[in-house]
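What follows is a short report on a single structure.
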Amino acid sequence: MAPDRDAPPAKTWLNRTVIGAGVTSFLADVGYEMAAAALPNFLLALTPSAAPTALGLIEGTADAVSNFAKLGTGYVGDRIGRRKPFVVAGYALTGVCHLFWVFATGWPLIFIGKVLGWFGKGVRGPLRNAILADAVSRGDHGKAFGLHRAADTAGAVVGPLVGAGLLAALTPLWPDDATRSFRVVFLATLIPGLGSALAFALLVKERPIDRPPERKFFAALGALPAAFRRYLVAVGVFGLGDCSRLLVVLAASELLAPSLGSAAAAWAGAACSSPATRSAPSSVSAWQSRLRRGPAAFCS
């Protein structure tokens, strides 16, 4: 996985690295979105009274660990001039973390698996983006990252729907064990999860980078442009009001259970965590509004 130092600059933005990063993100999202969609109801089945508190603790801690990992690994990757091995390791860690959930009998093991997985997610994110940016010319960044985000979102759509379908098919097979179908779903996430690490290792080429001047971590942060630091403050303030969607899925499942039954509520909640079902109504109304406003609305 050493950088390909003899590789010429890419002649087109749709190159092997861009395609490989898209395939990788699609597979990774399918895997952990499958697991995330099933997590709230799995917690309800394991620890009904502690599920809301445990889910909030798990999600908040995992997100914090992921964000701190992003801060550190971007700096380390630049300092040593190697990024790809960290990215592959990050995808592999996220791909296998759900094994902890397969064997969980309470929320602590779920907590450990989630934190480890999101640490891997934090490790890979900035370094993958840097590799992707280096793979195309500056004028093609929008197209390359747009394709990457489209593949990422496609995985986030497919993952929960696959998870919901598996729950709907498997739950009737084990009526006496409310958790077994969830464990099978978590085990199945190994396929796309490890596939994402393999795809990045085989398809993505890392171009050589110049090591930056020796600079301490906090000195490097201080060297960021003032406008960018102001932007980070705004993002941080917004993040304080953010809420994990899995808490919404948990609440929806609890509300649906009396009328649908716990099994049907579980797969309905999993399906509702997909961006396809979350954003479809707003997307339809947005397009209807644009059509009423006329052709000029499509330029806005």
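Counting just the residues of segment 40-63 that are in contact (Cβ under 8 Å) with a residue 24 or more places away in the chain and among the β-branched types (Val, Ile, Thr), which one comes out surrounded by the fewest Cβ atoms within 10 Å (Cβ to Cβ)? If we take residues in segment 40-63 being in contact (Cβ under 8 Å) with a residue 24 or more places away in the chain and among the β-branched types (Val, Ile, Thr), then THR61 is surrounded by the fewest Cβ atoms within 10 Å (Cβ to Cβ). If only residues of segment 105-125 that are buried (at least 22 other Cβ atoms within 10 Å of the Cβ) and over 13 Å from the mean Cα position of the chain (by Cα) are counted, the one that is nearest to ALA144 (Cα to Cα) is GLY113.
Okay, residues lined up against (1) more than 19 Å from PHE86 (Cβ to Cβ); (2) modelled with pLDDT under 90; (3) over 17 Å from the mean Cα position of the chain (by Cα); (4) in a helix (DSSP H, G or I):
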| position | (1), (2), (3), (4) |
| --- | --- |
| TRP13 | yes, yes, yes, no |
| THR24 | no, no, no, yes |
| ALA28 | no, no, no, yes |
| ALA37 | yes, yes, no, yes |
| PHE42 | yes, no, yes, yes |
| ALA45 | yes, yes, yes, yes |
| PRO48 | yes, yes, yes, no |
| ILE58 | yes, no, no, yes |
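Quick one: what pairs do we get from segment 116-131, first residue touching a residue at least 24 places away in the same chain (Cβ under 8 Å) and of a type in the set (Lys, Arg), second crowded, with 24+ Cβ neighbours inside 10 Å and part of a helix (DSSP H, G or I), C-beta under 7 Å, 6+ apart or different chains? Short answer, once both residue conditions are applied: LYS121/GLY90; LYS121/THR94; ARG124/VAL87; ARG124/GLY90; ARG124/TYR91; ARG128/ALA21; ARG128/VAL87. No other residue among LEU132, LEU99 is over 15 Å from ILE58 (Cβ atoms) and crowded, with 20+ Cβ neighbours inside 10 Å apart from LEU132. I'd like the residue in segment 9-39 that is closer than 30 Å to LEU250 by Cα and among the aromatic types (Phe, Trp, Tyr) and, out of all such residues, is surrounded by the fewest Cβ atoms within 10 Å (Cβ to Cβ). If we take residues in segment 9-39 being closer than 30 Å to LEU250 by Cα and among the aromatic types (Phe, Trp, Tyr), then PHE26 is surrounded by the fewest Cβ atoms within 10 Å (Cβ to Cβ). Against the test of being in a helix (DSSP H, G or I) and surrounded by fewer than 19 Cβ atoms within 10 Å (Cβ to Cβ), the options ASP140, ASP176 yield a single qualifying residue, ASP140. Any residue in segment 152-179 that is without any contact (Cβ under 8 Å) to a residue 40 or more places away in the chain sitting within a Cβ distance under 6 Å of a residue that is surrounded by fewer than 21 Cβ atoms within 10 Å (Cβ to Cβ) and in a helix (DSSP H, G or I)? List the pairs, counting only those 6 or more apart or interchain. Hits for this filter: LEU170/VAL184; TRP174/ARG180. When the test is whether a residue is of a type in the set (Phe, Trp, Tyr), surrounded by 16 or more Cβ atoms within 10 Å (Cβ to Cβ) and part of a helix (DSSP H, G or I), PHE68 does not pass it.
The values are calculated or read from the model by the stated rules, or taken from the named source; none is laboratory data. Just so it is clear, the model here is predicted, and its values are computed rather than measured. So basically every Cβ, Gly included, is an ideal-geometry build from the backbone, and we count neighbours across all protein chains shown.
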